Structures are given as C-alpha cells and as structure tokens.
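K.L.:
Quick one: the structure is below, and I'll ask about it shortly.
The values are calculated or read from the model by the stated rules, or taken from the named source; none is laboratory data. Keep in mind that this is a model prediction, so the values were computed, not measured. In this analysis, Cβ positions are derived from the backbone assuming ideal geometry, glycine residues included, and neighbour counts consider all displayed protein chains.
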Amino acid sequence: MLRLSFFASHRGTNMQAVIDACREGRIHAQPVVVISNNRLSGALKRAKAAGIAGYHINSKIHPDPAHLDTTILQTLEQHEVDLVVLTGYLKKIGPKTLIAYRGRMINIHPSLLPRHGGQGMYGLRVHEAVLAAGESATGVTIHRVEAEYDKGMVLAQRTVSVKPDDTAASLAGRVLVSEHALLVETVGKIARGEIPAYHVPQ
C-alpha cells in the first residue's frame, strides 16, 4: 500500500479530502505523516484528529537550511514515505529532499499552469491575478515537484469557468471544490499504478 506524506502550511482541506478517500477505500493508500511549517495550522490539527503523525518543522526551529532539509528528509524516511503530496505548502523544498524524492513528490496549484504560477503565487493572489487578467477560465493543476516553483511535469488539470461577477473569494471557493476532486482522483490513479508513483525525469 502506498504510504503518503502531506506538507501543508494552513487549513489542509485538500489533505483532508485525500485522507477521507483513503479511509473510505476510494484510494488504496495510507496517510502516515503530516509536516507543517506552521504550528497552528489546521493541517496539524487534522492530522491529530485522524491519528496521523504530525510534525512542526520550520526555519525558526532549524535556522540552518541544510539542517532543516535533513530533518524533513529524515522524517519522511523514518515513516517510509512513498509519495509526498504538497497541499498548500508555502516553503521551498530543500535540495536533499528534492533529490531523494524526485519523481515521488506532487503539488496542487489553483490555476492552469503555466499561467499564474511561480514564487509568491498562492491562495487569493492567484485568483486575483486571474480576475485582473480578465480570463474566462481558470482551474487546477497537479504536477510533479522540481527545484523551480510550479515547473514540474503536469499530471492533471481541470478547468473552472470564471463568472462575470466573481470575486477572488468566490472564485477560490469553486476552484477549491475542483482541487479536492482532482487531487483524490490523481492520488488514486498513482495508487492504482495508472500514473507511475516513481518517475525520474531524464
């Protein structure tokens, strides 16, 4: 059974959608550990409620970037993680962890990449940018994680229409519904072997 780790900085609702799907048997995988840079995050509270190991690991606790990176990697290895799922994690992954889990780490982003991606593009900022650009459609992207923000291989996308009266908040709410569904679908495909869990780009 695929062993899952989640990285999240805030609410962790995408993570919860996958945890629920695993518990209901819709995904043949086991959530084993949650890592958050925010000790007050909803993600850590959700992990505790679900009986999943949760760790608060950040640069305040580990100011040396190399030590921070090593600590995160050791935590993943300790829990024998097969696939890392970034669900609203706002910190860059360190080089050791990237190398060790290259091809085994995915991220969900609330736009149709490559549009509205990159450093600093997260949450409402993404939806504000979509509205400012006057676009009629946005969506969700799930991609493999590489060293550059939002540049990894795209695994799945889903389109969400932009309504004429949308605000960033209303658009975010509709996109989030698609995020939950697409993430569950994609992790399910990885667990079933329809998408390779291990893929190292050449």
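K.L.:
Only one of Asn38, Asn58, Asn14 is assigned to a helix (DSSP H, G or I) and on the phi < 0 side of the Ramachandran plot. Can you tell me which?
P.N.:
Answer to the selection: Asn14.
K.L.:
Given the conditions (1) assigned to a helix (DSSP H, G or I); (2) closer than 27 Å to Pro196 by Cα; (3) of a type in the set (A, V, I, L, M), which single one is not true for Val84?
P.N.:
(1) is the only condition that Val84 fails.
K.L.:
Look through Thr97, Thr141, Thr87, Thr70 and report the one residue that is closer than 16 Å to Met15 by Cβ and of a type in the set (Ser, Thr, Tyr).
P.N.:
Answer to the check: Thr87.
K.L.:
What's the total number of residues in region 44-66 that are within 17 Å of Leu4 (Cα to Cα) and more than 19 Å from the chain's Cα centre (by Cα)?
P.N.:
Number of matching residues: 2.
K.L.:
Tell me, yes or no, whether region 96-107 has at least one residue that is closer than 30 Å to Glu135 by Cα and out of contact with any strand residue (DSSP E or B) (no Cβ under 9 Å at 6 or more places or on another chain).
P.N.:
Checked region 96-107: no residue is closer than 30 Å to Glu135 by Cα and out of contact with any strand residue (DSSP E or B) (no Cβ under 9 Å at 6 or more places or on another chain).
Quick grid of which residues meet (1) among the aliphatic types (A, V, I, L, M); (2) farther than 21 Å from Glu194 by Cα; (3) modelled with pLDDT of 95 or more:
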residue	(1), (2), (3)
Met1	yes, no, no
Ala8	yes, yes, yes
Arg11	no, yes, yes
Ala21	yes, no, yes
Ser41	no, yes, yes
Arg46	no, yes, yes
Gly54	no, yes, yes
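K.L.:
Of the numbered conditions (1) of a type outside the set (Lys, Arg); (2) crowded, with 16+ Cβ neighbours inside 10 Å; (3) at pLDDT below 95; (4) within 22 Å of Thr70 (Cα to Cα), Leu86 fails exactly one; give the number of that condition.
P.N.:
With respect to (1) of a type outside the set (Lys, Arg); (2) crowded, with 16+ Cβ neighbours inside 10 Å; (3) at pLDDT below 95; (4) within 22 Å of Thr70 (Cα to Cα), Leu86 is out only on (3).
K.L.:
Continuing with this model, one more query. So which helices (runs of 4 or more DSSP H) are wholly in region 93-202 and hold at least 3 residues that are modelled with pLDDT under 95 and surrounded by 16 or more Cβ atoms within 10 Å (Cβ to Cβ)?
P.N.:
none
K.L.:
Looking at Ala21, Ala66, Ala47, which is the one that is over 27 Å from Thr141 (Cβ atoms) and assigned to a helix (DSSP H, G or I)?
P.N.:
Only one candidate passes the filter, namely Ala66.
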